[in-house]
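The values are calculated or read from the model by the stated rules, or taken from the named source; none is laboratory data. Given the structure is predicted, the values throughout are model-derived calculations rather than measurements. Glycine gets a Cβ as well: all are built from the backbone with ideal geometry, and neighbour counts include every protein chain shown.
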Amino acid sequence: MKNILTAGLTVFFISACASAPKPVAPSPGSKMQLSARTLNSGDCGLFVWTADASRRLVFFTRPSGQDAVWHDGQAEVPLKLSSLPPPQRQALPPKQSFTAGNTALSLDMRQPQVIPKGTRYKSGLLRLRPAAPGEAWERVVPVVGLAACQI
């Protein structure tokens, strides 16, 4: 009985792992992060890096989702803003949602620390899910960030 239960659980876990999306392997010559972003005088932006040792720049947006882009592991992907939390008191809110093709992306920046000309976020989560119903996977990336304005 124990062997049947073990075999059943093994098949269950293997099938669950098989349905989750695999990490994208970088193509030769591809960059593993977004290209550098520059803020001109009067511009504001939210920069987001992975919270691991590599600190890769993986997300950038301007107020109201303008110029929103993320790095999917192979290339820069433009994003379309799908929601901002009400009320919109901040030009660069810490919670935003976007779509890119068949992927929904949500950003939740946490532990804000006010610094000169901006806000540093000591932690956050970047969540990726299928935008269409029917698939049930989620990829969660721990991140850190900086919302800043160039004066």
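Figures for the structure shown
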| read-out | value |
| --- | --- |
| Failed condition for Arg62, given (1) more than 11 Å from the chain's Cα centre (by Cα); (2) within 20 Å of Leu34 (Cβ to Cβ); (3) loosely packed, with under 15 Cβ neighbours inside 10 Å | (3) |
| Residue within segment 68-81 that is free of Cβ contacts under 8 Å to residues at least 40 places away in the same chain, part of a loop (DSSP other than H, G, I, E, B) and surrounded by 15 or more Cβ atoms within 10 Å (Cβ to Cβ) present | yes |
| Long-range neighbours under 8 Å by Cβ, at least six apart or interchain, first residue without any contact (Cβ under 8 Å) to a residue 12 or more places away in the chain within segment 100-113, second assigned to a strand (DSSP E or B) | Gln113/Thr119; Gln113/Arg120; Gln113/Tyr121; Gln113/Lys122 |
| Residues that are in contact (Cβ under 8 Å) with a residue 60 or more places away in the chain and either among the acidic types (Asp, Glu) or surrounded by 15 or more Cβ atoms within 10 Å (Cβ to Cβ) (or both), drawn from segment 136-151 | Val141, Val143, Val144, Gly145, Leu146, Ala147, Ala148, Cys149 |
| Test: residue in segment 111-123 that is under 13 Å from Phe47 (Cα atoms) and among the small types (Gly, Ala, Ser) | yes |
| Selected residue [in a loop (DSSP other than H, G, I, E, B), closer than 17 Å to Arg139 by Cβ, of a type in the set (S, T, N, Q) and at pLDDT 90 or above] from Ser54, Ser106, Ser97 | Ser54 |
